[in-house]
1. Please pick out the residue among Leu72, Leu63, Leu100 that is more than 18 Å from the chain's Cα centre (by Cα) and under 14 Å from Tyr50 (Cβ atoms).
2. Is region 80-94 home to any residue that is over 30 Å from Thr2 (Cα atoms), assigned to a helix (DSSP H, G or I) and open to solvent by 20 Å² or more (accessible area, probe 1.4 Å)?
3. Within region 130-168, how many residues are farther than 18 Å from Tyr6 by Cβ and under 20 Å from the mean Cα position of the chain (by Cα)?
4. If you go through region 127-145, how many residues are surrounded by 14 or more Cβ atoms within 10 Å (Cβ to Cβ) and either touching a residue at least 60 places away in the same chain (Cβ under 8 Å) or not in a helix (DSSP H, G or I) (or both)?
5. Looking at this structure, is Tyr50 farther than 27 Å from Phe20 by Cα and surrounded by 13 or more Cβ atoms within 10 Å (Cβ to Cβ)?
6. Mind telling me which of the residues Thr53, Thr66 ends up being touching a residue at least 24 places away in the same chain (Cβ under 8 Å) and farther than 20 Å from Pro15 by Cα?
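The values are calculated or read from the model by the stated rules, or taken from the named source; none is laboratory data. Fair warning: this is a prediction, and the values are worked out from it, not measured in the lab. Note that we place each Cβ from the backbone using ideal geometry, even for glycine, and neighbour counts take in every protein chain shown. These accessible areas exclude ligands, DNA and RNA; they are computed on the full protein's heavy atoms, side chains included. Shrake-Rupley method; radii C 1.70, N 1.55, O 1.52, S 1.80 Å.
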Amino acid sequence: MTLNIYRIFTIVLLPFAALFGLDSVLSIFAGFGNPAVMLSAVILACVVIYIFTSAFFLFKGILKNTFCRASLKDWIKVNAVIAIIFAALAIISCISILYLMSNKAMYNQFIEMLNSSRPAGLPPSYSSQELLMAMRSSLIILLPFSIILFIHVLITFRLLKKYSVLFSK
């Protein structure tokens, strides 16, 4: 049962990894001039590496029952730690934004703040309502992705222990 859930979650995460991989490569180039962008690009790259290495472990190691290099286990573990931190922070952020949108007083205060001061880099023609719609759309995608990623990492750690014999020294 766990393996079937893990397989489904892996298949769901792979398209995100492809999109985030492209984004992280572009962000790394942009990050040479801005360390904050570089940090987020590296974190995103670690999430991508985790998803691809864990998929490799699933499809080649577990399902085909073939040996994997010991370094694959190390790559999975290191990047899984960063991926779980990313997922936890994203879940907390999404819940905070959901709370903000559900609390009328805070929501109205946020709208006033958006109308009075424009966030940097936001086009002048972009209204506060359009920004809120973009935030809602991001929540619809990011919250389920983060929850699936978080659960996926936890299952991966279990499977690494269970199938430790697949890793050659």
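1. Leu72
2. Just the residues of region 80-94 that are over 30 Å from Thr2 (Cα atoms), to begin with: none.
No, there is no match, as no residue in region 80-94 is over 30 Å from Thr2 (Cα atoms), assigned to a helix (DSSP H, G or I) and open to solvent by 20 Å² or more (accessible area, probe 1.4 Å).
3. 10
4. Summing the residues that are surrounded by 14 or more Cβ atoms within 10 Å (Cβ to Cβ) and either touching a residue at least 60 places away in the same chain (Cβ under 8 Å) or not in a helix (DSSP H, G or I) (or both) in region 127-145 gives 1.
5. Values: farther than 27 Å from Phe20 by Cα: no; surrounded by 13 or more Cβ atoms within 10 Å (Cβ to Cβ): yes.
So Tyr50 does not fit the description; no.
6. Step by step, each of Thr53, Thr66 is checked, and only Thr66 is touching a residue at least 24 places away in the same chain (Cβ under 8 Å) and farther than 20 Å from Pro15 by Cα.
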